[in-house]
Amino acid sequence: MNVLSVLLDHYSSQILMGTMDTPKGIRELSKEYKIPLSVCYRRVKMLAEMGLLNEKKYGKRVKYISNIENFKAVLNFEENKMVVDMDDSNGENYRVEGNIV
């Protein structure tokens, strides 16, 4: 799955936005956003592998926090395109462009 597809995915975007300010565990995310637990586990694993979520350990508990600090998306319906600009917590900037389906 590419970054643009991830950002357009309802569950993935909820997880990323929900962990921007406060680390949260998978069960907490599942309950808060009404995401089926198995789906939440898969999305969190995928987002962490893509570098969009960071894992934080609190004793035996694991929580996740979004690696995205700034986010801007522009939809251009005339050209059928979406442009996403993001900054991560390491100061890296990402620009992703794609066609709107």
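The values are calculated or read from the model by the stated rules, or taken from the named source; none is laboratory data. Small disclaimer: the values here were computed from a predicted structure and weren't measured. We place every Cβ from the backbone using ideal geometry, glycine too, and count neighbours over all the protein chains shown.
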**OP:** Go through MET50, MET86 for me and flag whichever is surrounded by fewer than 16 Cβ atoms within 10 Å (Cβ to Cβ) and within 13 Å of the chain's Cα centre (by Cα).
**Re:** MET50
**OP:** Please find, among ILE65, ILE15, ILE100, ILE26, the residue that is in contact with a Pro (Cβ under 8 Å, 6 or more places away or on another chain), hydrophobic (A, V, I, L, M, F, W, C) and surrounded by 11 or more Cβ atoms within 10 Å (Cβ to Cβ).
**Re:** ILE65
**OP:** Can you tell me which residue among LEU75, LEU53 is over 15 Å from HIS10 (Cα atoms), in the same structural domain as ILE15 (by TED's automatic domain parsing) and touching a strand residue (DSSP E or B) at 6+ places or on another chain (Cβ under 8 Å)?
**Re:** LEU53
**OP:** Tell me the strands (runs of 3 or more DSSP E) entirely within the chain that contain at least 3 residues that are at pLDDT 75 or above.
**Re:** 53-58, 61-66, 81-88, 93-99
Original post:
Can you tell me which of LYS60, LYS34 is loosely packed, with under 11 Cβ neighbours inside 10 Å, over 15 Å from SER13 (Cβ atoms) and without any contact (Cβ under 8 Å) to a residue 12 or more places away in the chain?
Top reply: LYS60
Subject >> Filtered residues of segment 37-47 (kept if more than 14 Å from SER13 (Cβ to Cβ), in contact with a helix residue (DSSP H, G or I) (Cβ under 8 Å, 6 or more places away or on another chain) and loosely packed, with under 14 Cβ neighbours inside 10 Å) >> reply: LEU37
